[in-house]
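Just below is one structure, and these are the notes that go with it.
Each value in this text was obtained by applying a stated rule to the coordinates, not by laboratory testing. All values reported here derive from a predicted model rather than from experimental measurement. Note: ideal-geometry Cβ built from the backbone for every residue, glycine included; neighbour counts use all protein chains shown.
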């Protein structure tokens with residue numbers, strides 16, 4: 001296209017230099033303008049199939065990219081199961097608050113409405129890295145005769161002998177746990193409409209997990 005424009009420019013200069021009158025120059029320039037117009041129309045028509053092909057390919061490419069991203073996200077969502085995560089050293093501990101004893105002295109006591117859940121999450125998958133995981137934290141109020149230590153109490157036992165005082169789902173995001181690796185966590189937790197437990201126990205489990213999209 002630029003080559004033809006250059007040729008028309010040279011032709012215009014030659015007409016200007018060698019035409020012997022204004023009328024001849026006008027005729028020469030008119031002929032060049034007509035040829036340029038016809039050539040422009042010709043090249044425009046010739047270029048249309050390529051333009052249409054490019055415009056058709058662009059949406060197809062965008063759709064393919066969106067489909068690929070969607071496929072990766074779906075794979076990451078269902079690649080791992082809660083059983084692919086092992087929770088170790090899990091613990092739910094009450095907060096601390098200042099209280100006064102009968103003698104009017106200040107002392108620390110347990111704040112049974114503010115808690116911290118902590119532990120370690122190990123990725124058991126040999127293939128996928130963990131992106132996000134969710135923990136279900138349950139607080140139980142047990143009768144005074146329930147003496148099983150909190151770290152040893154089992155869910156079936158708690159469900160049978162104790163009453164649920166509070167439940168909360170806690171999200172741990174962008175943790176990036178590689179296969180076989182361990183992630184330590186410690187997060188504050190509060191339970192909505194919680195009743196103060198007299199003899200508290202807890203249960204912490206993985207409720208959901210997603211893999212890194214690759």
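Evaluate region 137-205: find the radius of gyration of its Cα atoms, find its Kirkwood radius, and give the ratio Rg to Rh.
1.05
Can you tell me, using C-alpha contacts under 8 Å and at least 6 residues apart, the relative contact order of region 129-203 as a whole percent?
52 percent
For a protection proxy built on the mean count of beta-carbon atoms within 10 angstrom, sort 206-213, 149-156, 92-99 highest first, please.
Ranked by mean Cβ neighbours within 10 Å, highest first: 206-213, 92-99, 149-156.
Dividing the alpha-carbon Rg of region 82-211 by 2.2 N^0.38 Å yields what?
For region 82-211, the normalised Cα radius of gyration comes out at 1.20.
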